[in-house]
Amino acid sequence: LFRLIPSRSTGAFLQRLRELGWIEGQTITIETRWAAGRPERLDEIAAEFFRLKVDLIVTSSTNDSIVMKRVAPQIPMVFAVSGDPVGYGLVASLARPGGNVTGLSLQSPGSSGKRLQLLREIVPGLHRLAILGNPSSSNVLLEMNEVQAAARTFGLDVTISEMRQTADVNSTFELLKSRTDAVYIVADPLVNTNRVLIGTSALGARMPMMCGFREFVDAGCLISYGPNLPDLYRRAAEFADKILRGTKPADIPVEQPTRFDFVLNLTTAKAIGLDIPETLLSRADEVIE
């Protein structure tokens, strides 16, 4: 028996499981639970998993992982993505996780600076930067601090915009359009759930956005630079396979991303009146038109 807490993009995870011999309805039972960006749902889901005595939990955010470990610490867990698993007490160290948890960390020193460098190349005269995220989310504050530190090295003025509920999106962009030159989006389950609304609002405000994942560019974000999520989920399936076949999570080192994608949305650029230099287009891993 196997239980999965999904993100919006678990197709790669499920495909890799099938390749490894885990056929749904035959060799494995898969049920999904999604908190829909509502943290209060996580405790309910974790309690349900505890009652069901599931064999393995797979999580898709730092918040999910923290709650699952707290409520059901005896159940093996793989986090497909996590911000700082050591800092948040999920594992003892990356090389030696200890305990009952392992997975994939999104930590990558310097990635915030790389995103800002790309944003400066694409937005002429970038001086004022807004950072938008949900401060209630564990990994968001960490990334916000990293972005602010990187912004200082570029001499940028920074505004922090908090998003604690869906209703904050429209008012936030209405306020920001006269106060900032670009927005840096920090992802978490709430932001991810509302990425289409965020993309639409940014277009309406003619606001360039930098995001960490390609999925946001599909929703209207101008540019993304970050780990390839399907790769991480495929690797998480391999972790799950090992655990289901008897390996202890404590014996599987936490891994970090090895592939980063730079994606541009040319349709968004045209809609907000930005000309993308050919040199930048040629460096992109993917251009959406």
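The values are calculated or read from the model by the stated rules, or taken from the named source; none is laboratory data. Because the structure is predicted, anything quoted here is derived from the model rather than measured. Quick reminder, even Gly has a Cβ in these numbers, built from the backbone with ideal geometry, and neighbours come from all protein chains shown. For accessibility, only protein heavy atoms count, side chains too; no ligands or nucleic acids. Shrake-Rupley method; radii C 1.70, N 1.55, O 1.52, S 1.80 Å.
Checking the stated criteria, LEU104 turns out to be open to solvent by less than 60 Å² (accessible area, probe 1.4 Å) and more than 16 Å from SER224 (Cα to Cα).
A search for C-beta distances below 8 Å between a residue of the range 169-196 that is within 18 Å of ASN145 (Cα to Cα) and any residue that is modelled with pLDDT of 90 or more and among the hydroxyl-bearing types (Ser, Thr, Tyr), counting only pairs 6+ apart in sequence or on different chains, returns VAL183/SER161. Among the listed residues ASP275, ASP285, identify the single one that is surrounded by fewer than 16 Cβ atoms within 10 Å (Cβ to Cβ), in contact (Cβ under 8 Å) with a residue 12 or more places away in the chain and over 18 Å from GLY83 (Cα atoms). That would be ASP285, the only listed residue that is surrounded by fewer than 16 Cβ atoms within 10 Å (Cβ to Cβ), in contact (Cβ under 8 Å) with a residue 12 or more places away in the chain and over 18 Å from GLY83 (Cα atoms). Checking the stated criteria, ASP181 turns out to be in contact with a strand residue (DSSP E or B) (Cβ under 6 Å, 6 or more places away or on another chain) and either at positive phi or open to solvent by 20 Å² or more (accessible area, probe 1.4 Å) (or both). Only one entry of ALA80, ALA72, ALA47 meets the criterion of being of a type in the set (Gly, Ala, Ser) and open to solvent by 10 Å² or more (accessible area, probe 1.4 Å), and that entry is ALA47. Annotation note: Cβ proximity below 6 Å between a residue of the range 244-267 that is over 21 Å from SER82 (Cα atoms) and a residue that is among the hydrophobic types (A, V, I, L, M, F, W, C) and not in a loop (DSSP other than H, G, I, E, B) (sequence gap 6+ or interchain) occurs for VAL263/VAL217; LEU264/ILE223; LEU264/VAL287; ASN265/VAL217; ASN265/ILE288; LEU266/VAL287. Of all the listed residues (ARG234, ARG259), the sole one being surrounded by 15 or more Cβ atoms within 10 Å (Cβ to Cβ), out of contact with any His (no Cβ under 8 Å at 6 or more places or on another chain) and not small (Gly, Ala, Ser) is ARG234.
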